[in-house]
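A short write-up of the structure that comes next.
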Amino acid sequence: MAKNEMICIVCPIGCRLTVIKDDSTELGYLVRGNKCKRGINYGIKELTNPTRVITSTVKIKNAHLKRLPVKTKGAIPKDLNFECMKIINSIEVEAPIKMGDIIVKNILGTGIDLVASRSM
């Protein structure tokens, strides 16, 4: 049985999880150490398909600041983080931009948009 230990980041408690591959259970994994159901889902998802929301900035012209905060509207596969950052670092937009405006639609074919986190 494969045994993995991790800290849950779903809420501020930060439970120490132990996730064990166990085909005899309904979900295929046994999660211990969680104080809520969200910890079970997090532990299994982190082993089977880890994802992250990317927050960063892009260059912006004609604004009072030089950088515009952006984020992915949802979580993308963790193994695409560096490729996503290469795209983000190459972007330059022009003001005016409103919070929620799509900066890149369907980034890396994930179905997730990169959006502005602030109006400028």
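The values are calculated or read from the model by the stated rules, or taken from the named source; none is laboratory data. Keep in mind the model is a prediction, meaning the values are calculated, not measured. Counting neighbours? That spans all protein chains shown, and the Cβs are built from the backbone with ideal geometry, glycine included.
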Just checking, which of Ser90, Ser24 is more than 21 Å from Ile9 (Cα to Cα) and assigned by TED's automatic domain parsing to the domain that holds Ile9?
-> Ser24
Among (1) over 25 Å from Thr110 (Cα atoms); (2) at pLDDT below 95; (3) touching a strand residue (DSSP E or B) at 6+ places or on another chain (Cβ under 9 Å); (4) of a type in the set (D, E, K, R) - the single one Lys37 does not satisfy | (3)
Which one is surrounded by the most Cβ atoms within 10 Å (Cβ to Cβ), of the residues in the stretch 45-63 that are more than 12 Å from the chain's Cα centre (by Cα) and at pLDDT 95 or above?
-> Ile60
Count - residues of the stretch 24-69 that are under 21 Å from Asn81 (Cβ atoms), out of contact with any Cys (no Cβ under 9 Å at 6 or more places or on another chain) and in a loop (DSSP other than H, G, I, E, B) | 3
Residue check: is Asp23 on the phi < 0 side of the Ramachandran plot, exposed (fewer than 12 other Cβ atoms within 10 Å of the Cβ) and either out of contact with any Pro (no Cβ under 8 Å at 6 or more places or on another chain) or of a type outside the set (Val, Ile, Thr) (or both)?
-> yes
Looking only at the stretch 72-106, and only at residues there that are within 13 Å of Arg52 (Cβ to Cβ) and β-branched (Val, Ile, Thr), the one that is farthest from the chain's Cα centre (by Cα) = Thr72
Does the stretch 82-103 hold any residues that are part of a strand (DSSP E or B) and among the hydroxyl-bearing types (Ser, Thr, Tyr), and which are they?
-> none
